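The structure appears below as structure tokens.
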Amino acid sequence: PSQFARARNSDQYGATLGGPVWRDQLHFFVAADAQEISEAIFVRDVRTSPEFQSLSPTAQASFVQKVEQVLGTTLDEQFRFRSAENQETYLAKLDASFGEASHATLRHGRSDFKLFPSEGAADVLSNNGNEFNTVDSSVLELDSVWPSLVNQFIVQYGVEDRPVVPVT
């Protein structure tokens, strides 16, 4: 049997919008998506194991008292906590036509990811602690099409920021 029992809740939202700014010359598109996941996690209580049950009642009480003294809280609080993951993604794009043979696209995407491995008394799921990741990416593309020649120019820039707050 698994030592973890999970109760999972996942919500996802999204929206898109696009259309012409100037007919046949400039169009826009934007999109957003968000996902929120929350899980209640129950770790198997060591007090239910056959090894613990085989101890005398005095040894059991002594063990629990010492562990709770070290933790500064009851064992009951150590076996129930929540984990959360939240992600938001955005995209914006402009498409432009310059006559029949030239086209340009400018787009920017951003993704924010937040991970809270344990919201509660226990920090047992991740040594990294809470994570906050942000990724940005921008692309400019220029195309020209002539009867016997195609020119394409692409510039892209991306950056990822991933600070980690360690478990203390």
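Rule-based calculations on the coordinates, nothing more; no lab input. All of these numbers come straight from a predicted model, not from anything done at the bench. Every residue, glycine as well, gets a Cβ built from its backbone with ideal geometry; the counts of neighbours run over all protein chains shown.
Between Ala84 and Trp146, what length comes free when the chain is fully extended (0.36 nm per residue of separation minus the Cα-Cα distance, one decimal in nm)?
This chain segment gains 17.1 nm when fully extended.
Kindly give Rg over Rh for region 9-113, based on alpha-carbon atoms, with the Kirkwood expression for the hydrodynamic radius.
1.47
What distance in nm separates the two pseudo spin-label positions at Arg110 and Phe29, each 7 Å out from Cα along the beta-carbon direction?
In this crude spin-label approximation the distance works out to 2.0 nm.
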